[in-house]
Each structure stands twice: as C-alpha cells, then as structure tokens.
Amino acid sequence: MNRTVLLFLAVLCLAVSAWAQPRPVEKAPSTSATTAYLARYEGGMFGSSQKEKGNLKFDDENLRVIFYKADGKEMFTIPYEALVVIYPDATADTTQSGKVLSKMPVPGAGLFDLMSKNTVYANLTFDDPDIDAKGVAKFRFDTQPLLVDFIHNLGTRAKMVQRGDAYYRPKKAVF
C-alpha cells in the first residue's frame, strides 16, 4: 500500500511539473535592411505570362513592390494596399537527372528516384481596385531563409497581420 501511494504521488508530481513548464518566448523575426531579392517570376500577373528571372524590390516612397527583369527593366508593380495574403509554399520533386537514371535497366536504378529537390515559392494574393483585378503572383526563391525574409519584410512594410509564416490583410468591417 505504501509503495502504491508513493508511486501515485510521484506520477502526480511529474504531471504537475510538466504542465507548469513556461512557454519559451517567441522571437519575432527582425526586419532586415535588404530591399532587393533575387527571384524568378513564375506567373499570375495579367500581361506577364513568361517566366522571368529578376529582382523584387521595395519602393517605400510609392508604397509598392516592383519586379525588375534581369536586364533591369521594370516588368510590373503591385501596390502594398492591393496585397491581401502573402504566404510561402514549397514543392518536393525528383530531379530530372534522377528521373532519367531511374529508368536505366541496371540493378538499383530505382534508387535514383530518391534524388529530390525542394523548391520554395512566395505567393502574393492581390486585389487591385484601381484596375479591378484579382490574382496570385508566384515567385520562386533559391533558399527558404531568403523567402521567409522577403515575406516578413513585405508583410511588415504593407502593414499586414502575421499568422505563422504568412501575412494577411483583415477585411474591413461593414456596418
């Protein structure tokens, strides 16, 4: 009986001490001074159907984000106020060489299917009342930290609300 009571008290103390652990302080990512990001436009804007490599730059004076082609020409702009949701996305796929090598008629060729690459994207959902256009512009980034930094900087500059890694603009209440 004495051992049972001690065992019960030990389990109770462990449960209470585990429950009483404080949550760690969440660190808000700091806004970096970067104003230009290398990215590849993947589609979504009206009048810009080709995939292009270039730079995304912030224009804080005119409250917009601008995409410049690799040759330095402006391709399009999105006003900060038109942004509705900004969120990261990722895909994992087998590399082209892995697909080719996995089809070779040799033992173990199927292991080449395990060669995979991760691709990270920024999706900018916009609703531009000036031209009455809605859409999602998609940009591919080289690394995940660069993508997260871009989304955080753009969300902060556009005065949007953060939810996880994404930013959104709350709907205006209509009374």
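Derivation of every value follows stated rules applied to the coordinates shown; laboratory data play no part. All figures in this text were calculated on a predicted structure; none of them were measured in a lab. Note that we place each Cβ from the backbone using ideal geometry, even for glycine, and neighbour counts take in every protein chain shown.
Could you work out the local net charge near G72, counting Lys and Arg as +1, Asp and Glu as -1, over the other residues with Cβ closer than 13 Å to its Cβ?
So the surrounding residues net to +1.
So what is log10(I(q)/I(0)) for region 35-168 at q = 0.11, 0.14, 0.17 1/Å, when the Debye sum runs over its Cα atoms only?
Listed by q, the Debye log ratios stand at -0.46, -0.66, -0.87.
Using 31 Å as the Cα-Cα cut-off, could you pick out the over-long pairs in K51/K117; K51/K172; K134/K159?
K51/K172
Need one number: nm distance between label points at A10 and Q162, each 7 Å from Cα along Cα→Cβ, rounded to one decimal.
4.4 nm
Toward the positive end of the charge dipole of region 35-168, about the Cα centre and with charges on Cβ (Lys, Arg +1; Asp, Glu -1), which of L154, Y68, L38 goes farthest?
L38
For K57, list the aspartates and glutamates whose Cα falls under 12 Å from its own Cα; do not include residues on the same chain fewer than 8 positions away.
Correct list for K57: E74.
According to a simple spin-label model (label point 7 Å from Cα along Cα-to-Cβ), what is the distance in nm between V100 and A133?
Result: 3.8 nm between the two label points.
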